[in-house]
Amino acid sequence: MASDPAITQVTMTLAALAATANTPIPSGETPEHQTARIIRGIDAQLSDTSLATRGVWELAWLALSPANANMAFIARSTDGSNQFAVVARGTDADLTDILEDLEVGIVVPFPESGSPKPIDVSLGAKQAFDRVVNASSIASPIPNRKLADALAIAVNAAPASPPPTIWLTGHSLGGCIASMLALHLQAKPWPKGTQFAVMTFAAPTAGLQNFVDYFDSRSWVVDERQNNAYDLVPHAWADLAVTEDWYPSPGPQATDEVKSKIDKISKRTNGHVYVQPGTLCLMNPGYTLLDEDLVNKTTQDFLGQVAFQHANDTYLELVGAPPVPAGPKVEYVTPTFGAPGETVTVHGSGFSEDSVVDFGPFACKDPVVDPSGSTITVRAPIGIGVVHVRVTNDLATSPAVAMGQFAYGGPAPVVVDKVGPRSGKVGTPVTIGGSGFADGATVHFGNQVSDSVKFVSTGQLIATAPDQPDVSQTVDITVTVAKNTSPTSPRDEFTYTGR
């Protein structure tokens, strides 16, 4: 951990805020509108005194790159400490997106570092860096400027005492970009006494040994890599193969499919040897913080645990910082099918007065948000087929969830949302919860059909676990009604414990 836990909490909070409104509204919005929404969300969170930032930081500049590929912002302290933070946004916590986000099979020069000798970074990291440094603000306190110019304006307008400290930070890809921005910005002229500090979280590597040699030769107030010891992403690309042996008890252990995926991704380096800069600070001594619902030896559970271990909220908990405000979350909708104009209630959490609701690519008019923030009533807009219902506000857009689907014209989507018990022997009666069930539904445990299915309601079935060739495996429980079969997810898993 850093010598001052408070600054670790502050920088991780700032890094987490970079994820604010990171996806456009499903029904569409202009870059200008999305940028304004991001700014509103970050402003609201920076003024929140319950966060580690304590309400003593304010937004100075923000820019979104073309096609929403990257975002960065500058924040400045308002408590007289004369600190600035340059924060780069990371990627969503999806294994494939994270590890394929950077093109690492090709290395290119990094002349923007200020190094007198050539240094090399991956092509993907350089492309991400270029997008960040060339993005110009649309609407922020320092408008129509690129990052370096905006930072110079902010620092030059600050008091001379105490000397300015500029922090470079970010989570995931944002941390990778921050290490490159640190060299680039430090090489520029600054007021006398200006100091630079680098604090990254969960960052994959940016460059080769010559990049690290130059980075480590520079003068930093702090140069730390804060990593969750059980986060896969920081192992890219230096030693990704070690994660094939994860996770320790209680799991999940990597399946052959996962090991094959990691092995293939590891080879994307094309023989280039990547090295991490700065001082490694492992944040946890043991495997004690985990999603206990994702421990079975399945590909779904492994990838889900990867996402959990990499998430902003996990890192905030590891540094002892309060979580940032949660965005909207859709849990389920009622009814699940109908025609345009149908009155639909969206159930969930984090709904606010500024929330908008989309049915697939179409927006609802005049949503009515309950003061509790747990329901929104809308009329279904035009549409066809089965669509996800999602809610957007200044913080985020809710993820698509199986129970949040609406089918135009019916039938209702078939979804398995929970099973109980989660494990048992052959012949165990299992209660299956979800939606779209009907009398006569077929239930599969993996590839085997249950010979005893009791219809309780459209949201519940009871099925007996059939025999399996392997009675020690974990299988997905799926329900078929007519020609519609439920999609699989970790929520439908059942683990056999024998005959």
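Please treat every number below as a calculation from the coordinates, not as lab data. Just so you know, these numbers come straight off a predicted model, no measurement behind them. No Cβ is skipped: glycine too gets one built from the backbone with ideal geometry, and neighbour counts run over all protein chains shown.
Tabulated data
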read-out: Straight-distance crosslink candidates among lysines, where the alpha carbon sits under 27 Å from Lys188 and sequence neighbours closer than 8 are dropped; value: Lys117, Lys126, Lys146
read-out: Among Ile153, His33, Pro109 - extreme Cα towards positive end, dipole of the stretch 1-155, charges at beta-carbon; value: Ile153
read-out: In the stretch 235-385, lysine pairs closer than 28 Å at Cα, eight or more apart or cross-chain; value: 7
read-out: The chain: angle of helix 123-134 to the longest principal axis, Cα-based, in degrees nearest 10; value: 70 degrees
read-out: Cα extents of the chain along the three principal axes, largest first (Å); value: 78, 51, 37
read-out: Eligible lysines near Lys483 by straight Cα distance, threshold 21 Å, same-chain separation 8 or greater; value: Lys454
read-out: 13 Å beta-carbon shell around Glu353, net charge (K/R +1, D/E -1); value: -3
read-out: Sum of -39500 (n - 2.57) over DSSP H runs of 4+, divided by residues of the chain (222 nm, nearest 500); value: -7000 deg cm²/dmol
read-out: Packing rank of 350-359, 161-170, 277-286, where each peptide gets the mean count of other beta carbons within 10 Å, highest leading; value: 161-170, 350-359, 277-286
read-out: Protection-proxy order for peptides 393-404, 39-50, each taking the mean of Cβ atoms within 10 Å per residue, highest first; value: 393-404, 39-50
read-out: Vicinal HN-Hα couplings computed from phi for the stretch 44-51 (Karplus, 6.51 cos²θ - 1.76 cosθ + 1.60; Hz; Gly/Pro x); value: 5, 6, 5, 8, 7, 6, 7, 7
read-out: Theoretical FRET efficiency, 1/(1+(r/R0)^6), r = Cβ-Cβ of Asp370 and Leu289, R0 35 Å, to 0.05; value: 0.55
read-out: Cα-based Rg of the stretch 415-496 normalised by 2.2 N^0.38 Å, two decimals; value: 0.95
read-out: Counting DSSP beta bridges with both ends in the chain, the antiparallel % (nearest 5); value: 70 percent
read-out: With Cα atoms, 0 to 90° folded angle of helix 147-156 axis to the chain main axis; value: 50 degrees
read-out: Computed E for Thr480/Ser50 - FRET, C-beta separation, R0 41 angstrom, nearest 0.05; value: 0.30
read-out: Length added when fully stretched, Asn270-Leu282, from 0.36 nm per residue minus Cα-Cα; value: 1.5 nm
read-out: Dipole magnitude of the chain about its Cα centre (Cβ charges: Lys, Arg +1; Asp, Glu -1), debye to nearest 20; value: 620 debye
read-out: Amide H contacts of Asp120 (H built 1.01 Å from N, under 5 Å, at least 5 apart or other chain); value: Leu208, Asn210, Phe211
read-out: Label point distance in nm, Lys146-Val426, each placed 7 Å from Cα along Cα→Cβ; value: 6.8 nm
read-out: 3J(HN,Hα) from dihedral phi, the stretch 474-491, Karplus parametrisation 6.51/-1.76/1.60, rounded to Hz, x for glycine, proline; value: 9, 10, 8, 9, 10, 10, 10, 10, 6, 9, 9, 10, 5, x, 8, 6, x, 5
read-out: Residue among Pro367, Leu168, Asn134 farthest towards the positive dipole end of the chain, charges placed on Cβ; value: Asn134
read-out: Phi to ³J(HN,Hα) by Karplus 6.51 cos²θ - 1.76 cosθ + 1.60 over the stretch 260-268, Hz, x for Gly, Pro; value: 5, 5, 5, 4, 5, 5, 4, 7, 5
